[in-house]
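Here is the structure we will look at, set down as structure tokens.
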Amino acid sequence: MGSATTLDPDNPTVPEVPQAVTDSEFCRKPAPAPLRVCCYGSSSSLTPERYRTEARSLGYILARRGHTCVNGAGSFGCMAAMNEGAALGNGHIVGVIHEMVGSLETMFRLP
């Protein structure tokens with residue numbers, strides 16, 4: 001199976017999901033019932049890569065198991081990484097952001 005590839009081959013900016021995650025038996029089995037899982041994390045561009053890698057893996061696992069990832073729609077940090085992972089896993093993403101906090105320009109966007 002191997003690592004998940006980027007969403008757009010012309011845009012190599014989306015890091016891959018670790019192979020240990022993509023190859024896991026757990027990740028390949030759909031959940032008994034799909035859930036909407038709400039996960040909030042950092043939205044800072046200064047979030048260390050190790051946290052973004054874990055968030056990306058979580059998003060990928062949620063997507064592959066058939067769950068919808070719900071979060072604050074941040075463009076940076078763990079929230080963006082989780083959305084990247086969910087998108088790599090061909091999952092559904094629901095972004096919840098108050099207009100006082102962000103605008104359409106600051107929300108996570110698929111490449």
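Values for this structure:
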| quantity | calculated |
| --- | --- |
| Peptides 48-56, 90-98 ordered by average Cβ neighbours within 10 Å, highest first | 48-56, 90-98 |
| Surface/4 of the Cα convex hull for the stretch 19-95, nm² | 4.4 nm² |
| Simple spin-label estimate for GLU49 and HIS98 in nanometres, 7 Å along Cα-Cβ | 3.5 nm |
| Burial ranking of peptide ranges 75-84, 38-47, 15-24 (average Cβ count within 10 Å, highest at the top) | 75-84, 15-24, 38-47 |
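Any read-out appearing in this document is the output of simple, stated calculations on the displayed coordinates, not a laboratory observation. Bear in mind the structure is a predicted one, so any value in this text is a computation, not a measurement. Here Cβ is always computed from backbone atoms with ideal geometry, including for glycine, and neighbour counts include all displayed protein chains.
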